[in-house]
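One structure below.
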Amino acid sequence: MASVSSDEWRAICDKFTNAQNLTVVESLNDPDNDPFRSKYKARELLREIYCSLKSFEAGEGEEESGGETGETGESGEQLPVEAPVDGQTEEAFSQGFCGDSPAGLRAAKLGAVEYYLGVNHVDTEELSAGQEHLMNSMKLLGRCRVSSENVSLFIHARNQLGILWAGRDETETAQGFLETAESIYQRYMKEDGSPPTDMADYFSTEENQLTHQERTKRFELAYTHTMYYLAQVYKNLGETERAAIYCHSTLQRQLKLNQFSPMEWALNAATLSQYYITKGRYMEGRHCLSAATVISGLAGEVPSEAAAQESETESERREQLRQKRAEIARCWIKYCLNILQDSKKLLEDSIGELDTDRQEEMKRGRRLEEEEEEKERKSAMLFGSEDTFDSIASLEEKVRCLLPMDFTEARAIFLVGQHYVTQAKEYFQMDGYVTDHIEILQDHSSLFRSLAFYEEDLDRRCKMHKRRVDMMEPVCMELNSKYYLMIRRQMMFELAETYNEMMDLKLTLANRQDETESLDSHTIKKFNNLCSASAKYFQMFLDSLCSPEGKQPEHLEEEVLRPALVARFRVARLYSRLICTSPPGQVENLDKSLEHYKYVVDYCDSHPEAVATVETELELSREMVGLLPLKINRIKAKIPANN
């Protein structure tokens, strides 16, 4: 635009600077009753800039069709612009004006104003107008080849359109824009790679132009945003592995560019760890969690209660830091719990006990596994900068990422999990966070249960289950069923199963200690108490399914079908196992046992769809319904007539 005087151009640059200041700074102070006041003012300045650019262009006799704002229609008419992705990328690099030609620079500047107008309209919730301006920007750029003068705008425009369409739940359309932005970036870096012109440079005087280093940083940040939005898109499309890869790369780039909020970054890394954990990729999961813990520390110390009381800002900061660090702690708990459970699945035999042959076989393969871990670590995308890398590596060394093979290794993981349980409970307390607090308790209980699997000493194993009871029972009894029915049912079922495990362990222990003699009265009493406690909680679970009048449901809902029938089956077994020397007492217990076995059989007979959910229990129930009456009659026959 050679005809523009230096004063005219400086005036345009000043308007642009003012528009940016209104958008970024002044808008933060807009009143609640006029929240977009500054952005509307910025819009007017951008329109003035656009008109000035068009008038300069007309003065040179170079009016060109298709560049005016408002030419494009609604969204559907513009979608073909993005398809096919590969073809469009090729076209962008091979057709149109050169980016540094007068026509190319004019198109880029007009396209930049259209871009900023588009973002402005989106910010003020005028999405259709915003889309129109962004598509105008794309149309102007479509007349140019991708070059260092315009590549940043090419990517920013597509990022914004990707966000806009994703917000409308048009995920595949958003995917098209974002994948094109990605391929443009990758090809530009391969074929050119020089620091590209930033959009702000279009309207900056020579003395205010950005340095090459700053241009590179802004360009890389734009591409980081592309990757971040693609991660969301792939997640919404159900492509979880692809989403995880893009999320990991985004986090890595944010650290490298030093463009991140410590707590937000840490929480995203901790969330990503949960994906790796569910895939059994514990090295990556541990790395994400270690990085999350270290980076969250960059947010500083949690303000004291006294400071929080004096300042609303400090109070809010205290709340956010405590909550997010507690959420990261919960992710650590899941890491420890999952690695223990995965190991247990590999090591247990058909009855749920430790398979020592399998254990030895896996220990022999450990060296190879450790070598593989080292290879994977060297090729992995590691987080960290010079300041944080050593801290992250140091934290990783304190937690295993290989499956534990014995009690010592399992206990080390258990202790890490228990440490984070304590940390999480400090924030998620019963008073105010009932559901969260109980979920943490349940995880703590599961940690004990997983550790107990590796414990060879049956007495110590039993004590671990007792710890589970002690932490769960008071809370379960305190909960109001009206508000927390589902949670209470979960706890009742878990307590019933825990008492059942303790009962089995006590009996096994007693039989081992005195194999030649019958059980003494003390052992029988303890066994029966555990048996009764288990039956009590199973029955409480079953009672919670009844109507307010106490009537049993004729039809069990799908979510409680298996638990309810299993509870019936377990209660039946428990009554049959009670040790009683009195024949009438034995008959009474067996009658109750038979009643519950019959319920399982009758329900499955009248509801054939239930059979598949309890095949094993049903088979045993049918068998017991046939056998128990014979046993009951034999005992009755021994009871004197006068009884």
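The values are calculated or read from the model by the stated rules, or taken from the named source; none is laboratory data. Because the structure is a prediction, the values reported are computed rather than measured. Here Cβ is always computed from backbone atoms with ideal geometry, including for glycine, and neighbour counts include all displayed protein chains. SASA here: full protein model, heavy atoms, side chains in, ligands and nucleic acids out. Shrake-Rupley method; radii C 1.70, N 1.55, O 1.52, S 1.80 Å.
Averaged per residue, region 114-199 has 32 square angstrom of accessible surface, using a 1.4 angstrom probe with ligands and nucleic acids left out. As a calculated quantity, the FRET efficiency between Glu170 and Ser261 at R0 = 25 Å, using C-beta atoms, amounts to about 0.30. Between the DSSP loop rule and a limit of at most 15 other Cβ atoms within 10 Å, which trypsin sites (Lys or Arg not before Pro) in region 156-203 are left? Those that pass, being in a loop and sparsely packed, are Arg168. Structural descriptor for the chain: relative contact order 7 percent, calculated from alpha carbon pairs under 8 angstrom and at least 6 residues apart. Accessible area per residue of region 238-322 at 1.4 Å probe, in Å²? For region 238-322, the per-residue accessible area is 48 Å².
The mean accessible area for residues of region 555-642, using a 1.4 Å probe and ignoring ligands and nucleic acids, is 56 Å² per residue.
With 0.36 nm allotted per residue and the present C-alpha distance subtracted, the Asp34-Arg242 stretch has 70.7 nm of extension available.
With contacts taken as Cα pairs under 8 Å at a separation of at least 6 residues, region 542-643 carries a relative contact order of 27 percent. An oblate overall shape is assigned to region 377-439, the ratio a/c of its alpha-carbon gyration tensor axes (a ≥ b ≥ c) being 1.5 or greater and a/b not exceeding b/c. The C-alpha atoms of region 555-642 occupy a region whose extents along the principal axes are 48, 20, 19 Å, arranged from largest to smallest. With point charges of +1 on the Cβ of Lys and Arg and -1 on the Cβ of Asp and Glu, referenced to the Cα centre of region 432-523, which listed residue (Phe493, Asn480, Ala452) lies farthest in the positive direction of the dipole? Farthest towards the positive end: Asn480.
Each peptide in 396-408, 244-256 gets a packing score, the mean of other Cβ atoms within 10 Å over its residues, and the list from highest to lowest is 244-256, 396-408.
With the full set of protein chains in place, find how many percent of the accessible area of region 87-259 is carbon and sulfur; take the probe as 1.4 Å. Taking all protein chains in place, region 87-259 shows 45 percent carbon and sulfur surface. As I understand it, the value is the acute angle between the Cα axis of helix 85-94 and the longest principal axis of the Cα atoms of the chain; what does it come to in degrees, rounded to 10? It works out to around 20 degrees. As I understand it, the dipole of the chain uses +1 on the Cβ of Lys and Arg and -1 on the Cβ of Asp and Glu, about the Cα centre. Which of Leu161, Ala329, Leu354 lies farthest toward its positive end? After comparing all options, I get Leu354. Quarter the surface of the alpha carbon convex hull of region 461-552 and you get the mean projected area, 6.9 square nanometres. With the alpha-carbon atoms of region 510-582 aligned to their principal axes, the span from lowest to highest coordinate is 49, 22, 17 Å, starting with the largest.
Each 5 Å bin from zero up to the one holding the largest Cα-Cα distance in region 157-238 carries the following percent of pairs: 3, 15, 22, 19, 15, 12, 8, 3, 1, 0. The residues packed around Arg10, meaning those with a beta-carbon under 14 Å from its beta-carbon, carry a net charge of -4 if Lys and Arg are +1 and Asp and Glu are -1. Dividing the convex hull volume of the alpha-carbon atoms in the chain by its residue count gives 233 Å³ per residue. Label-to-label distance, Ser518 versus Ser101, with points set 7 angstrom from Cα along the beta-carbon direction: 10.6 nm. Comparing Cα centroids, region 213-288 and region 537-594 end up 50 angstrom apart. For Glu348, the residues whose amide H sits under 5 Å from its own are Asp355, ignoring neighbours fewer than 5 places away on the same chain, with H placed 1.01 Å from N.
Once both labels are positioned 7 Å from their Cα atoms along Cα-to-Cβ, the gap between Arg322 and Glu214 label points is 4.1 nm.
Roughly how many whole Å is it from the C-alpha centroid of region 161-190 to that of region 465-496? Taking the Cα centre of region 465-496 as reference, the centre of region 161-190 is 48 Å away. Legend: residue pairs Lys463/Lys525; Lys256/Lys324; Lys41/Lys217; Lys536/Lys592; Lys506/Lys526; Lys279/Lys345, Cα-Cα distance threshold 20 Å; pairs beyond threshold, Lys256/Lys324; Lys41/Lys217. In the complete set of protein chains, residue-level accessible area for Arg145 is approximately 70 Å², probe 1.4 angstrom. Projected over all directions and averaged, the alpha-carbon convex hull of region 205-256 occupies 4.1 nm². The Cα atoms of region 87-259 cover 45, 36, 32 Å along the three principal axes, with the biggest extent listed first.
Excluding same-chain neighbours fewer than eight residues apart, the lysines reachable from Lys39 by a Cα-Cα span under 24 Å are Lys15, Lys54, Lys109. The magnitude of the dipole of the chain, with charges of +1 and -1 set on the Cβ of Lys/Arg and Asp/Glu and taken from the Cα centre, is near 3000 debye.
For the chain, the longest principal axis of the alpha carbon atoms and the long axis of helix 171-191 meet at an angle near 60°.
Peptides 228-235, 37-44 ordered by packing proxy, namely the average of other Cβ atoms within 10 Å per residue, highest first: 228-235, 37-44.
For Met486, the accessible area of its heavy atoms, probed at 1.4 Å with every protein chain present, is near 110 square angstrom. Electrostatic tally near Ser445: other residues with Cβ closer than 9 Å to its Cβ, Lys and Arg +1, Asp and Glu -1, net +1.
Summing Cβ point charges (Lys, Arg +1; Asp, Glu -1) relative to the Cα centre of region 461-552 gives a dipole of roughly 280 debye. Here the simple spin-label model places points 7 Å from the Cα toward Cβ, and for Cys580 and Lys638 these points are separated by 1.4 nm. Here is the list for region 515-604: GluC sites (Glu not before Pro) lying in DSSP coil, each with at most 12 other C-beta atoms within 10 angstrom of its C-beta, are Glu515, Glu517, Glu549, Glu554, Glu557.
Among the trypsin sites (Lys or Arg not before Pro) found in region 521-624, those both in a DSSP coil and sparsely packed, with 10 or fewer other Cβ atoms within 10 Å of their Cβ, are Lys551.
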